[in-house]
Amino acid sequence: MSTHRRSLILGASSLPLVAYHAKAQTALNLTIASSHPVANFWVAMMKNSFQPEVDKHLRDNGNTHRINWREAYGGTLYRFQDTMEAVRDNITDIGYVGTLWEGSTMPLQNVTYFTPFATGDHGVVANAFERLNETQPAIRQNWSSLNMVPLSSYITDTYHIWSNFPVRTLDDLRNRKISAPGTSANWLQGTGATPVDGALTTYYTDIQTGVSEGALSFFVGILPTRVHEVARFITKCDVGAMYVGGIAANRQRFERWPENIRRAMTAGGKAATAAHIADVSARISTAEAEMLRQGAQISTLAPAERERWIRGLPNLARTWADSSGPASRDVLAAYFAAVREGGGRPARDLDRELAA
């Protein structure tokens with residue numbers, strides 16, 4: 001038998017084996033979606049970390065299943081106001097859920113917005129919520145009752161002030177208009193500043209046109225919006241990093257998936273949280289350097305002035321706890337415990353004030 005013919009026979013005999021393995025691998029069609037484009041740093045983690053990690057986990061653990069990802073990023077299925085409903089109602093199998101927009105339906109997950117100055121370490125906040133989502137019964141029940149399974153934890157870096165005037169002391173904020181939407185408006189109590197509603201997408205125009213004179217925000221969010229061009233004075237005051245939600249799966253769908261798919265989703269979510277922490281750390285340094293290069297002036301609020309700000313605030317956690325149900329105090333205590341155990345040093349022990 002010639003070498004050429006023998007190679008053809010051997011090649012043909014291998015085909016059924018290849019076909020058998022391909023057939024044995026079950027494909028699962030899943031939709032993954034978001035209200036924001038992949039350019040958004042939260043959504044980037046879905047595309048560039050979560051999906052590859054899920055696929056890798058499946059390959060490394062039996063390779064019996066694979067996922068056909070049907071991507072619907074950039075708001076093609078729903079808007080940012082509907083991220084929770086989209087996952088809850090199975091408009092998407094998996095999506096980014098912005099708990100920061102769900103103050104009434106997910107109040108316990110918004111504890112960070114009522115505990116400013118707890119910690120500026122975004123990694124500590126993300127890891128604290130990884131823990132709370134797993135261990136706090138009320139939070140677990142809230143996710144479940146909304147037909148969702150949380151898979152990862154997303155955060156902002158710590159908040160500072162961008163303004164078109166220098167801020168050397170707290171008195172420089174008096175009678176100034178500062179963009180601080182939603183619950184962040186509460187952080188300005190006692191400063192004499194007037195909070196102005198808005199969003200990252202409106203700050204530039206608002207400051208440019210005089211609607212406001214600055215904004216409370218964070219480096220990673222500000223750089224793409226170019227707000228530093230119209231508010232070149234950056235005052236670092238470390239108001240705190242905030243939990244904003246994360247990747248979640250529709251619970252009914254999740255529970256019907258094979259066990260190895262569920263394990264892969266959980267592993268992919270944890271990997272996405274870790275990658276997100278590292279990504280935000282890198283983006284902060286890049287954003288700060290770029291703003292300096294473009295002419296921004298960066299200073300740090302004096303410790304005594306920052307302390308004056310902190311002590312002048314009412315206990316916002318009390319307001320939140322009084323309106324967020326009986327489990328809120330347990331969640332508050334657990335959050336501060338996780339922050340402290342993670343190495344964070346709250347500038348004000350709001351949890352202990354509330355318990356006293």
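The values are calculated or read from the model by the stated rules, or taken from the named source; none is laboratory data. Treat the numbers as computed from the prediction; the structure is a model and nothing was measured. Because the Cβ atoms are built from the backbone with ideal geometry, glycine has one as well, and the counts that use them run over all protein chains shown.
Among residues belonging to segment 45-81 that are in a helix (DSSP H, G or I) and basic (Lys, Arg), point out the one that is nearest to Thr99 (Cα to Cα). Once the filter is applied, the top-ranked residue is Lys47. Does at least one position in segment 167-176 carry a residue that is among the charged types (D, E, K, R) and within 26 Å of Val38 (Cα to Cα)? No. The residue that is surrounded by the most Cβ atoms within 10 Å (Cβ to Cβ), counting only those in segment 85-133 that are of a type in the set (A, V, I, L, M, F, W, C) and assigned to a loop (DSSP other than H, G, I, E, B), is Ala118. Counting only strands (runs of 3 or more DSSP E) that sit wholly inside segment 206-302, those with at least 3 residues that are in contact with a Pro (Cβ under 9 Å, 6 or more places away or on another chain) are 243-250.
Remark: pairs (first residue in segment 231-244, more than 22 Å from Thr202 (Cβ to Cβ); second residue of a type in the set (D, E, K, R) and in a loop (DSSP other than H, G, I, E, B); Cβ separation under 7 Å; 6+ apart in sequence or on different chains) = Ala241/Asp121; Ala241/Asp157.
Return yes or no: is Ala347 among the hydrophobic types (A, V, I, L, M, F, W, C), surrounded by 13 or more Cβ atoms within 10 Å (Cβ to Cβ), under 23 Å from the mean Cα position of the chain (by Cα) and not assigned by TED's automatic domain parsing to the domain that holds Asn147? So Ala347 passes the test. Contact annotation: no residue pair with Cβ atoms under 6 Å, 6 or more positions apart or on different chains, pairs a residue in segment 60-71 that is free of Cβ contacts under 8 Å to residues at least 40 places away in the same chain with a partner that is surrounded by fewer than 15 Cβ atoms within 10 Å (Cβ to Cβ) and of a type in the set (Lys, Arg).
Here Val227 clears all of (1) among the aliphatic types (A, V, I, L, M); (2) free of Cβ contacts under 8 Å to residues at least 24 places away in the same chain; (3) crowded, with 22+ Cβ neighbours inside 10 Å except the condition numbered (2). Considering segment 134-186, and only residues there that are among the aliphatic types (A, V, I, L, M) and more than 30 Å from Ala296 (Cα to Cα), the residue that is surrounded by the fewest Cβ atoms within 10 Å (Cβ to Cβ) turns out to be Ala138.
Every listed requirement among (1) over 21 Å from the mean Cα position of the chain (by Cα); (2) among the hydrophobic types (A, V, I, L, M, F, W, C); (3) closer than 16 Å to Ile284 by Cβ; (4) surrounded by fewer than 22 Cβ atoms within 10 Å (Cβ to Cβ) is met by Phe233 save one, (3).
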